[in-house]
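The values are calculated or read from the model by the stated rules, or taken from the named source; none is laboratory data. What you are looking at is a predicted structure, and each value in this text was computed from that prediction instead of being measured. When we count neighbours, we look across all protein chains shown, and the Cβ atoms used for this are built from the backbone with ideal geometry, even at glycine. Quick note on the areas: whole protein, heavy atoms, side chains included, nothing else; ligands and nucleic acids left out. Shrake-Rupley method; radii C 1.70, N 1.55, O 1.52, S 1.80 Å.
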Amino acid sequence: MSRTTIDSDTNGEQPPPEDDHAFFGQPKGLLTLSGLEVWERFSFLGMQAILVLYFADSVANDGLGMDPGTAASVAAAYGTLVYLVSVAGGWLADRILGSYRAVLWGGILIALGHYSMAVPTAGMTWAGLGLISAGTGLLKPNVATMVGKLYATDDDRRDAGFALYYMAINIGAFAGPLITGWLADHQGYHWGFSAAAVGMTLGLLQYVLGRRHLAGRKHSAEFALAPDAMRRAVRTIILGVVVVGVLGGVLAAVGWLTMDRFVDLLTLISVIAPVVYFWVMFRSPRVTPEERGRLRPYIVLFLASVAFNFILFQAYSTMILLASTNARTTILGFDFPASWYASALGAFEVALAPVVAAVWVRMGHRQPHVSNKIAFGVILGGLSFLLMVLPTSGHADDTYKMAAWWIVGSYLLLGLGDVLLETSGMSATSKLAPKAFSSQTMSLWFLSLALANGIQAQTVKLYDDVSKPAYFGVNGAIAVAVGLVVIAMAPWLRRTMHPVH
């Protein structure tokens with residue numbers, strides 16, 4: 001959006017002119033939004049680093065007493081729900097709330113969810129996870145949209161601004177597990193959930209205090225529904241939430257809606273949603289034949305994202321479970337909680353993102369095609385799991401303890417893969433999507449994440465039923481195979497993705 005199209009500051013839409021280069025040459029609003037993401041990722045991933053341990057720990061130790069496979073499956077289902085709701089969050093911002101209010105209300109729901117989880121009862125845990133899912137679905141897709149609104153379309157600082165924003169995400173991903181993990185290990189899980197609540201509160205405070213530096217903060221939605229249509233939509237949404245809540249409560253009370261069936265239902269939805277989304281785009285009369293031709297290669301990239309994120313999301317489930325039972329939690333004589341391993345992933349991504357960006361800039365037109373970058377990311381994700389076959393093999397029982405460097409090395413491969421895939425995948429998504437669906441491109445990407453979590457929710461059930469080498473070896477080999485298939489398809493992808501390089 002060009003700055004000349006933004007309303008004047010008198011109606012609360014345009015940041016003060018002096019803000020335009022106030023943050024390392026970037027708009028000052030980038031500091032506000034990056035700061036919000038630091039705390040949102042601090043709270044979200046800090047909680048997620050201890051969530052599967054909380055599910056799997058015994059009731060005597062303040063856990064929920066699930067077996068490891070079920071704990072990982074429920075944690076994956078929670079991730080599925082988050083990314084499915086994100087699709088609705090983008091629509092609500094476009095049509096009803098506006099980006100600023102969608103992010104604000106999303107942050108409030110997230111904070112309330114974490115405070116709920118700080119209460120040591122199972123009922124409040126499930127209520128808290130529901131609130132966090134809804135809040136993250138509102139916040140996550142719309143913060144990135146607000147970052148984009150800080151720049152004119154032809155502003156050369158845009159890519160650098162998103163790089164700073166991406167680094168902020170990973171600073172929160174690094175710091176969150178350190179704090180919540182230490183508190184969970186020394187004070188109890190609910191103290192860790194409390195830290196996540198405080199972090200999200202701090203993020204909300206700085207977001208509200210820095211709102212004058214943001215573009216796109218007007219009260220109405222950018223593509224708002226007509227007043228009558230909006231009233232009908234609000235009534236339908238409220239009625240739908242009430243009906244789903246009551247029906248779910250009744251089905252749970254009579255014993256039909258068990259946790260396993262709920263997980264299966266989310267997996268089914270995660271499969272159906274992208275199929276329907278692609279079908280609508282392919283059938284839409286507003287999509288030109290040329291655009292339809294570019295959608296076909298995007299399906300390949302979409303599936304590659306699913307394969308990689310299936311591995312990535314297990315960094316906070318099966319990998320944490322493995323670390324808690326079969327890895328040493330000592331480095332150079334220093335003891336640390338098993339959940340701290342999750343911080344390694346964020347640290348590697350903070351360190352590697354600028355290095356990868358510098359390499360691509362230096363290579364210029366000689367850099368790999370975007371499809372190959374994505375393929376390399378998927379292969380690295382698969383190798384991170386294949387690496388775990390080595391230390392988990394050749395043991396007669398499950399009491400061995402591998403050196404910490406094995407899991408750290410696995411996270412190094414996974415972090416580099418994530419940097420390669422996420423940056424290239426988001427860029428390809430925005431360029432390949434039809435113009436008629438340009439405002440919904442983020443939904444496509446989130447659906448790949450939802451599908452990855454949905455598949456994971458079923459697969460991780462096997463974690464405790466098969467040997468560790470078999471589990472990590474088969475899953476890792478599948479990811480590597482997917483990456484190799486994408487490389488093999490490179491000539492067709494280059495031709496059909498033109499002019500995307």
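How would R212, R294 line up by accessible area, probe 1.4 Å, largest first? Intermediate results must be reported in sequence, preceding the final value.
On the way: R212 120, R294 35 Å².
Correct descending sequence by accessible area is R212, R294.
When the square roots of the Cα gyration tensor eigenvalues are ordered a ≥ b ≥ c, the ratio a/c for the stretch 286-334 is 1.5 or more and a/b exceeds b/c, which makes its shape prolate. Summary of packing: across the peptides 321-331, 375-385, 348-358, the per-residue average of other C-beta atoms within 10 Å ranks them, highest first, as 375-385, 321-331, 348-358. Which net charge results when you count Lys and Arg as +1 and Asp and Glu as -1 among the other residues whose beta-carbon is under 13 Å from that of I171? Around I171, the charge tally is -2. Candidates Q26, T318, A111 compared by Cα position along the dipole of the chain: farthest toward the positive end lies Q26, with charges placed on Cβ. Normalised by the number of residues in the stretch 37-159, the mean separation of alpha-carbon contacts (under 8 Å, six or more apart) gives a relative contact order of 23 percent.
Mind checking the dipole of the chain: about its Cα centre, +1 per Lys or Arg Cβ, -1 per Asp or Glu Cβ, Debye to the nearest 20? That gives a dipole near 1400 debye. Using a cut-off of 20 Å between Cα atoms, the listed pairs K373/K461; K373/K435; K149/K435; K373/K468; K28/K373 include K373/K461; K373/K435; K373/K468; K28/K373 as exceeding that distance. Solvent-accessible area of the chain (1.4 angstrom probe, protein heavy atoms only): carbon and sulfur portion equals 68 percent.
To the nearest 500 deg cm²/dmol, what mean residue ellipticity at 222 nm is calculated for the chain from DSSP H runs of n ≥ 4 alone, each contributing -39,500 (n - 2.57), summed and divided by the residues? Result for the chain, helices only: -24500 deg cm²/dmol. Enclosing the Cα atoms of the chain in their convex hull gives a volume equal to 154 cubic angstrom per residue. Given a 1.4 Å probe and the protein chains as shown, M363 ends up with an accessible area of around 60 Å². With contacts taken as Cα pairs under 8 Å and at least 6 residues apart, the chain reaches a relative contact order of 23 percent. Counting Lys and Arg as +1 and Asp and Glu as -1, what is the net charge of the other residues whose Cβ lies under 15 Å from the Cβ of T496? Neighbourhood net charge equals +4.
With every protein chain present, what is the per residue accessible area of the chain (1.4 Å probe, Å²)?
That works out to 43 Å² per residue.
Charge tally around G381: other residues with Cβ under 15 Å, Lys/Arg +1 each, Asp/Glu -1 each, net -2.
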